[in-house]
Every structure is written in structure tokens, then in C-alpha cells.
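Participant: Have a look at this one.
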Amino acid sequence: MTLFPLLIPILALSPPVQEPDSLSPGTTLVASSETRATDHAPIGVMGDHTHRAGEWMVSVRSMCMSMTGLRDGSTDLTPNALLGNPMMGTGYLSVPTSMTMDMLMFGAMYAPSDELTLMAMVPYSRKDMNLTHTSGATFSTRTEGLGDVSLTALHDVSEEVHVALGLSIPTGSTTERDTALGMGGVPTDVRLPYPMQLGSGTFDLRPGVTWTRRTDDWSFGAQGTYVARIDENEEGYALGDEVHATAWVARNLASHWSVSARLAYLDRGNIDGTDETQGTPGGMPPAIALPNADPNLQGARRMDLFLGVNHVTPDGHRLALEVGTPVMEHLDGPQMSTDWIATIGWQWSF
Ligand SMILES: [Cu+2]
């Protein structure tokens, strides 16, 4: 569906494949004189490659996302236009004004055979949200902890294509709490709204397909991934399914440096169901009080443009940075609007 507009220009522009020489299925990323920075996708892409039998890879990524202001559809809104008295139906009790999400992602890959690569990812997140209360007071909430661990199997189907099947395990909390300003501005300990929780609470299936092509100086790639929520969580809801589609191009600068450009598309659905504590004392605030506590104000379509740089060393280390910003953002809002996203990472193959 939405994948094709991204894939077509890249497929049409990509040059013919060069002599296969050393670049066989599961092109090795372990130390060799052939190591090129363009052998890696931009650092924001997960599971872009497979490994040869017996190879290991460990990685750490630091990912930051900054959001400011509110948007409905493609229109920016001011907090004052949204605040009021929810009991009178004149607006929200509080609205978010900015949010940052910082995630440390620890990864490991191992290939038991040339055809099969296994990957595990362990995220640790911190989320900070600043809000404005209808009284004019401001406050902030924070969560920090383990996110959802994922296990993925990657299988080469041809020299340029591999498929993946991931399972996300609900190790991240969906019951995080903090102090918010309630009715009359009274500080109240509440369950935080959906975007502040650390996990989905559900087992999720993540099927995906990745295409890559390498030449001496260039590399190209595209990846599509679907996130399917299985059943609903113990709190009584399931986050919306997600479609991720991305395509990139990278160019070698010198033997161990490359630069990349990437487009990434996200289509995220609304939440099915409702947190069962919503509207109860000490529970998640009701949707009429806080827009990001509304299960029907979570959907998003966004296209981000990223620029990145990769550096590889002859002994199998890679350092990379990628920074992006939305070029299109359509939200089922009012919802927080994304400013920028950055990923810095280190990988080591052995
Ligand atoms: Cu790897």
C-alpha cells in the first residue's frame, strides 16, 4: 500500500548490480579489507542485514525524540484554544506542551547458519512530558524503565532480500504513575496516559521484508515492517497496529566513511479499547480531561527525512549518527507534534 511510492523511485534509480565478488548472501560485516561504510544501513534502521554462520554482533543505540506543541490533522493548535472546563464541555483540564523520549537500545545478533540470523533487542526508556493546566499552572511527569524486549529471526531469500519475523514481549510497564494537577489544580497521583507508558502490554508480531543493493560506492535499501498487536493487554486495550516503510541511499566518501539520506513513513492506528482505570479515582485521567488519554487521538501518519553518517573500522566496529525531522505529519489530534529524532549508535561484529 503506502510502501510503493517510496520503493518505486529508489528501484528505478538504482544502478545494475556489480560483479558479485565477495558480496554474497549474508555479506560479512566482520573485519576484512573489504569493509565499507555503505555495507550498513543508516543507524536508525533495525534488522537491515543478516550475518554469516557463527558471526556475532552487539550494539548500543541512543535514540532521542523531541516533540513540541499540539496538532490536529496538519494544523498546529495553541494550548489556550484547547483548555477549559471539561465538566462544562468547554475544553481540556490540561494539555501537553512538550515531550522528550530518550531510549537506550541494546542489541545482539547471532547467526546459527548462513540462512538464519537471530536478533534480540532490549530497550530502556525515559519519557518526560510538560503540561499546562487550565488554571495556567504548568507541571511535568516522567517515566523511566525497561521497554518491550523483542526477538527476531531473519532469513535470506535471495542475495538482496531477507524476511524477518519478530516477536515483541510485554516486558515494559503499562501501569506507570506520577503526580498531575487534577480538578481545581490539586496535585493528584494518577496512572499516566497511553504515550507515557513504557510498553504495549501485548505480545506483538513484527513481520518485515528488507531489500538492499550494494555497489562499489553506493548502497540502496528499503524495508517494510508491520506491527500487529495480539489480543489486548491486562489493562483492557491494545495499541494501534503500525506500518513502517523506509528507503535509503548511502554514498562512500572515503574507504571507511559514508553519508546517507533516508525517508521513513509511519502509519499508526488508534487504540482499541480503553484503560480500565480511566475515570476512576487514582486511575488514568478521562479522555475529556486530557487529549493524550483519549484512545481515539493516537493515530498518526508521518514521513521523516533523515541524514546520517557512518564510520567503520577495519576491526569490525561501526559508529553512526542519524538525525531526522518530519516532512509530513498528519495526526488524529490534538496530539503532540514531532520536532526531531536523532540516533547515535555503536555496533561491533566478531
Ligand atoms: Cu548485525
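Values quoted throughout were computed directly from the atomic coordinates according to the rules given, and no laboratory measurement underlies them. Quick caveat, the model's predicted, so the values are computed rather than measured. Positions of Cβ are generated from backbone atoms using ideal geometry, with glycine treated the same way; all protein chains shown enter the neighbour counts.
Participant: If you average the C-alpha positions of the stretch 151-177 and of the stretch 196-226 separately, how far apart do those two centres end up, in angstrom?
Facilitator: Between the Cα centre of the stretch 151-177 and that of the stretch 196-226, the gap is 9 Å.
Participant: Angle, helix 4-13 long axis vs. longest principal axis of the chain, Cα atoms, 0 to 90°, nearest 10?
Facilitator: It is inclined by approximately 30 degrees.
Participant: Sorting Arg142, Arg206 on the 10 Å Cβ count, fewest up front, what's the list? Each step should come with its number before you reach the end.
Facilitator: Details: Arg142 13, Arg206 20.
Least crowded to most crowded, the residues run Arg142, Arg206.
Participant: Ordered by packing density, taken as the mean number of other Cβ atoms within 10 Å over each peptide's residues, highest first, how do 193-202, 292-301 rank? Write down the numbers at each step before the final one.
Facilitator: Working: 193-202: 23.0, 292-301: 20.4.
So the peptides 193-202, 292-301, ranked by packing, come out 193-202, 292-301.
Participant: Arranged from highest to lowest average of other beta-carbon atoms within 10 Å per residue, in what order do the peptides 235-248, 99-112 appear?
Facilitator: In descending order of packing, they fall as 235-248, 99-112.
Participant: Given N residues in the chain, what is Rg(Cα) / (2.2 N^0.38 Å)? Don't skip to the answer; put the middle values down first.
Facilitator: Numbers: Rg = 21.7 Å, N = 350, 2.2 N^0.38 = 20.4 Å.
Expressed relative to 2.2 N^0.38 Å, the Cα Rg reads 1.06.
Participant: Just want the ordering: His133, His311, His162, from fewest to most Cβ atoms lying within 10 Å of their own Cβ. Before the final figure, lay out each step's value.
Facilitator: Working: His133 19, His311 16, His162 24.
Final ranking by Cβ density, sparse to dense: His311, His133, His162.
Participant: Continuing with this model, one more query. Once amide H atoms are placed 1.01 Å from N in the peptide plane, what residues at a sequence separation of 5 or more from Arg191, or on another chain, have their amide H within under 5 Å of its amide H?
Facilitator: For Arg191, the qualifying residues are Gly283, Met284.
Participant: Within 10 Å, count the other beta carbons around each residue, average over each peptide in 270-276, 91-97, 329-335, and list them highest first.
Facilitator: 91-97, 329-335, 270-276
Participant: Something else: As a test of the formula, what do you get for the chain when each DSSP H run with n ≥ 4 contributes -39,500 (n - 2.57) and the sum is divided by the residue count, at 222 nm and rounded to the nearest 500 deg cm²/dmol?
Facilitator: Numbers: 2 runs with 14 residues, N = 350.
Value at 222 nm, helices only: -1000 deg cm²/dmol.
Participant: Where the centroid of each part is defined by its Cα atoms, how far is the stretch 236-253 from the stretch 62-101 in Å?
Facilitator: Measuring centre to centre over Cα atoms gives 25 Å.
Participant: If you plug each phi of the stretch 87-104 into the Karplus form 6.51 cos²θ - 1.76 cosθ + 1.60 with θ = phi - 60°, what whole-Hz ³J(HN,Hα) values come out, in order, with x for Gly and Pro?
Facilitator: In residue order, the calculated couplings are 5, 9, x, 9, x, 7, 6, 8, 9, x, 10, 7, 8, 10, 10, 10, 10, 9 Hz.
Participant: Also, I was wondering about something else. Hey, what does the equivalent ellipsoid look like for the stretch 198-263, semi-axes from the Cα gyration tensor as sqrt of 5 times each eigenvalue, largest first, whole Å?
Facilitator: Computed over the stretch 198-263, the values are 36, 11, 8 Å.
Participant: Right, next: What distance in nm lies between label points placed 7 Å from Cα along the C-beta direction at Met183 and Val60?
Facilitator: Between Met183 and Val60, the label points sit 4.8 nm apart.
Participant: May I pose another question? With r defined as the distance between the Cβ atoms of Trp340 and Leu165 and R0 fixed at 41 Å, what FRET efficiency is calculated, to the nearest 0.05?
Facilitator: 0.85
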